[in-house]
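The values are calculated or read from the model by the stated rules, or taken from the named source; none is laboratory data. Everything numeric here is computed off the predicted structure, so don't read it as measured data. Here the Cβ positions follow ideal geometry from the backbone for every residue, glycine too, while neighbour counts run over all protein chains shown. The protein model used for the area step is the full one, side chains on, heavy atoms only, and it has no ligands, DNA or RNA in it. Shrake-Rupley method; radii C 1.70, N 1.55, O 1.52, S 1.80 Å.
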Amino acid sequence: MPIATPAASASLDEIELRVLQIPLVSPFTTSFGTETVREVIVVRVRTADGGDGWGEIVTQQAPLYSSEYTQGAWDVATRWLGPALLERGTLAPEDVARVLEPFVGHRMAKAGLELAVLDAALRSDGRSLASYLGATAKTIPSGVSVGIQADPAALVETVQGYLAEGYVRIKIKIRPGRDLADTAAVRSAFPGIPLQVDANSAYTLADADTLAQLDRFDLLLIEQPLQEDDIVDHAALAQRLRTPICLDESITSAKAARDALALGATTVINIKAGRVGGYLEAVRIHDLCRDAGIPVWCGGMLETGIGRAANAALAAMPGFTLPGDVSASDRFYARDIVASPVVLEDGHVRVPTGPGLGVEIDAEALESFTVARATLRR
Ligand code: OSB
Ligand code: MG
């Protein structure tokens, strides 16, 4: 269902960008590397009526998950995308993607800017992002993404901790050499839990025999086993596995989602607003999957309280039938940059109801994590 009632226009006076470095509560290891600090870009738009809007550019420090990374996003946002929006002056959130469309790629940077405009417009309308998106759930079931640990025993202990906190679905990261034994250990320790694995593009079709052995662990899905552009290979792999394939990295737009589904490369989709260029494109993917009977879930990029609130609103839409990676803020951060960070309540996260993102920025925390800033003016 497309957005029922468009948002008001925002008149942009200023765009402030900051690079933040926020320590993680524990290192997060995937097939592409280990992070101990979340480097992220926070966007604030200031409007003529005095209202602010906040967004988050979810790039990471290095281009390992995708081609985007902090300094690249900073450059394109300050040099091209921000000035193009300011030149337009007054625009509705629904116009942002079209204004930025001439600039190829850089979807995370575009998504962060669009989110800030959305937040400003909805705050001035007094509407929540959830109601704007047509979200129906008041709370959403919360899954957690667990990084690669020292060994399978350590992984079981870490998973045990998250289950004790109440998380309703576990996702473990895998890579070649850290796949079958890790998954077997978690599955045998917790026979009944909803469990899935994420390879972050670490395999090739030559690994199909190994990946097929994951079938015995009764997984919900295997996320992005092959490279971002391996659509045909994913379709071939799908023929070899009983476990459903769920694409993450490969789904860069609604068009990419449609193509991957048509080719049989994926039967479940992880929707991340940053990866696809914004929350409005994310809604288009939700809508096409809902029409096609394809389950979707909301992925994460270690968002701060800003993006985490937006993800909770997105994940409250009716097509999100699988638990997402929308975990509590304290899964990653001892201190967040919003006043009331997302918490876990009985395995669920509450969908914000206040205007816009429904979060207030903790100015002191924001300041303490800021390592660079720039202000763009009309
Ligand atoms: O592949 O889903 C992923 C984090 C950074 C980059 C890619 C991924 C992830 C996660 C963590 O799995 C999701 C989260 O809890 O934010
Ligand atoms: Mg993933």
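Observations on the model:
- In a fully extended conformation the segment linking V25 and E101 would gain 23.6 nm over its present Cα-Cα distance, using 0.36 nm per residue.
- Its residue count N fixes a reference of 2.2 N^0.38 Å for the chain, and the Cα radius of gyration divided by that reference is 0.94.
- Here's the picture: charge each Lys and Arg Cβ at +1 and each Asp and Glu Cβ at -1 in region 131-350, and of V326, G293, S131 the one pushed furthest to the positive end of that dipole is S131.
- Cα gyration tensor category, rounded, prolate or oblate, for region 131-350 with a/c compared to 1.5: oblate
- Rounded FRET efficiency, nearest 0.05, which uses the C-beta distance separating L163 from T136 and R0 of 35 Å: 0.80
- Paramagnetic reach from T267 (point 7 Å along Cα→Cβ, amide N under 13 Å) across region 205-226: 215, 219-222
- Solvent-accessible heavy-atom area per residue, rounded to whole Å², over the chain at 1.4 Å: 38 Å²
- As a length-normalised measure over Cα pairs under 8 Å and 6 or more apart, the relative contact order of the chain settles at 22 percent.
- Cβ-defined net charge surrounding E364, 15 Å radius [Lys, Arg +1; Asp, Glu -1]: -2
- Taking T183, T78, T34 in turn, the Gaussian network model of the chain (Cα-Cα springs below 10 Å) assigns the largest fluctuation to T34.
- Only aspartates and glutamates eight or more places from K173 in sequence, or on another chain, were considered; those with a Cα closer than 12 Å are D182, D198, E223.
- Modelled spin labels at R378 and E14, positioned 7 Å past Cα toward Cβ, are 1.4 nm from each other.
- Spin-label model distance (nm) - A153 vs I3, 7 Å beyond Cα toward Cβ: 5.3 nm
- Comparing S142, S368, S31 in a Gaussian network model of the chain, where Cα atoms under 10 Å apart are tied by springs, the biggest mean-square fluctuation is seen for S368.
- Ranked packing of 321-327, 352-358, most packed first, by mean Cβ within 10 Å: 321-327, 352-358
- The angle between the Cα long axis of helix 231-240 and the main principal axis of the chain comes to about 30°, on a 0 to 90 degree scale.
- Helix 305-315 axis, angle to the chain major axis (alpha carbon atoms, nearest 10°): 70 degrees
- Computed label-point distance, nm, for sites A236 and T90 using a 7 Å Cα→Cβ extension: 5.6 nm
- Within the accessible area of the chain (1.4 Å probe), percent carbon and sulfur: 51 percent
- Peptides 277-289, 166-178, 110-122 ranked from most to least packed give 110-122, 277-289, 166-178, packing being the mean of other C-beta atoms within 10 angstrom over each peptide's residues.
- The listed residues E223, E228, once ranked by accessible area (1.4 Å probe) with the largest placed first, stand as E228, E223.
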